[in-house]
Number of protein chains: 2
Amino acid sequence: MSYLCVMTMKYDEAKHRFIQQWGALGSAWGISRTMAQIQAVLLLSPEPMTADELMDELGISRGNVSMSLKSLIEWGVATKEYKAGERKEYFKAEKDIYRIATQVAHERRKRELEPVLHMLESIKDMDDQEITKSKREEMQKISGDILDFAKKSDSLLKKFISAEKNWFLNKIMKL
Amino acid sequence: MSYLCVMTMKYDEAKHRFIQQWGALGSAWGISRTMAQIQAVLLLSPEPMTADELMDELGISRGNVSMSLKSLIEWGVATKEYKAGERKEYFKAEKDIYRIATQVAHERRKRELEPVLHMLESIKDMDDQEITKSKREEMQKISGDILDFAKKSDSLLKKFISAEKNWFLNKIMKL
DNA sequence: TTTTATTTTCAATAATTATTGAAAATTCAA
DNA sequence: TTGAATTTTCAATAATTATTGAAAATAAAA
């Protein structure tokens, strides 16, 4: 068994483990396992890949690849590319992990937190009456706190994004 | 229709909406809908509640309530209480939204991120060989970046926790 | 235009995850 | 101890979510 073979086995094993773990992480966070696995494959690929290559690599259906890539693009963590003189579409993943994180945080906030905040805003102004005072106060306290929290999280997210910019600049400087 | 009735309808409607939204938010984040709904009911209740009351309130089975409460307690966002001379157990939710958030962030980090970080640490030190250089480099770059990111997130989380402490202190001061 | 390569959609199905409900276990008073 | 009140467990089932695969749509070449 040659050096090349040993090396390749090691690489493939590491790659496989990474794809599996990343997929598990994705499904724990409410992103479909396949979507996360496709992202993992693209993260590890130095070159953009076609849908067919992804199908082969992960052993999944064409339809699934198509849908998952669509979602990854909607989430802003993958892009389509075209090669001159070729009909096929190529896909690549956003590889800056800070960008991925801020992108995902943004999307989730928009899709999931916003409806809750809307509802809370409307509850906060509930009519004032003497009756069921403690219940109403409990609800207003909780909704007020959640709103307060959401605002602070937003400012934190902003800090996070600006930190990411600095980090990115630093990386470029070092090159 | 009396004032009391109007008020109660409004409150119940608001409560119902809050429970539904909170449940949806939970399921989007990989926590079971029921678990989140139970948390919502407890958040709105000025008094600790029994399993039976939760069953009635949400119209779900005894077993489900029992399992969900167990999970909420494991996540550190609810606690059991006993009333003197009563056999029943009472439950209440952690109502400080900052504590809930840091608690959940902590748990998730431990359960989901840690296995990925372990794997990445082991990949980072992969054997050095000339062959498949670009692939290995890609993997090492990505895993290095993810590790780097995780470390920065940790420090951010710490800042977050300390900010929460200050915020909590401020709240107490105002009382 | 027609043909061919490629991608997308979506109804059917598979896989996963949540929930029930009744039996077993626990806890405490008598 | 026994028995009543209460909680927990878990196999069966329901509900939800992901995946397939083939037909329809699209886009470029002939």
* To do: Being away from DNA strand D (no atom under 12 Å from the Cβ), touching a strand residue (DSSP E or B) at 6+ places or on another chain (Cβ under 9 Å) and either farther than 22 Å from B:Gly144 by Cβ or more than 8 Å from every other protein chain (Cβ to nearest Cβ) (or both) narrows it down to one of A:Tyr90, A:Tyr82, so name that one.
  => A:Tyr90
* Asked: Out of the residues in region B:47-79 that are within 14 Å of chain A (Cβ to nearest Cβ) and aliphatic (A, V, I, L, M), which is farthest from DNA strand D (Cβ to nearest atom)?
  -> B:Val77
* **Subset of region B:25-57 (residues that are β-branched (Val, Ile, Thr) and within 8 Å of DNA strand C (Cβ to nearest atom))** => B:Ile31, B:Thr34
* Structure fact -> B:Lys80 vs (1) within 12 Å of DNA strand C (Cβ to nearest atom); (2) touching a residue at least 24 places away in the same chain (Cβ under 8 Å): all pass except (2)
* To do: Among residues belonging to region A:105-116 that are without any contact (Cβ under 8 Å) to a residue 40 or more places away in the chain and surrounded by fewer than 16 Cβ atoms within 10 Å (Cβ to Cβ), point out the one that is farthest from A:Glu47 (Cα to Cα).
  => A:Pro115
* helices (runs of 4 or more DSSP H) wholly inside region B:1-102 that include at least 1 residues being modelled with pLDDT of 95 or more and open to solvent by less than 20 Å² (accessible area, probe 1.4 Å) -> B:33-44, B:51-58, B:62-74
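The values are calculated or read from the model by the stated rules, or taken from the named source; none is laboratory data. Treat the numbers as computed from the prediction; the structure is a model and nothing was measured. FYI the Cβ positions are ideal-geometry reconstructions off the backbone, even for glycines, and counts take in every protein chain you see. Accessible surface is based on the protein model in full, side chains and every heavy atom, while ligands, DNA and RNA are left aside. Shrake-Rupley method; radii C 1.70, N 1.55, O 1.52, S 1.80 Å.
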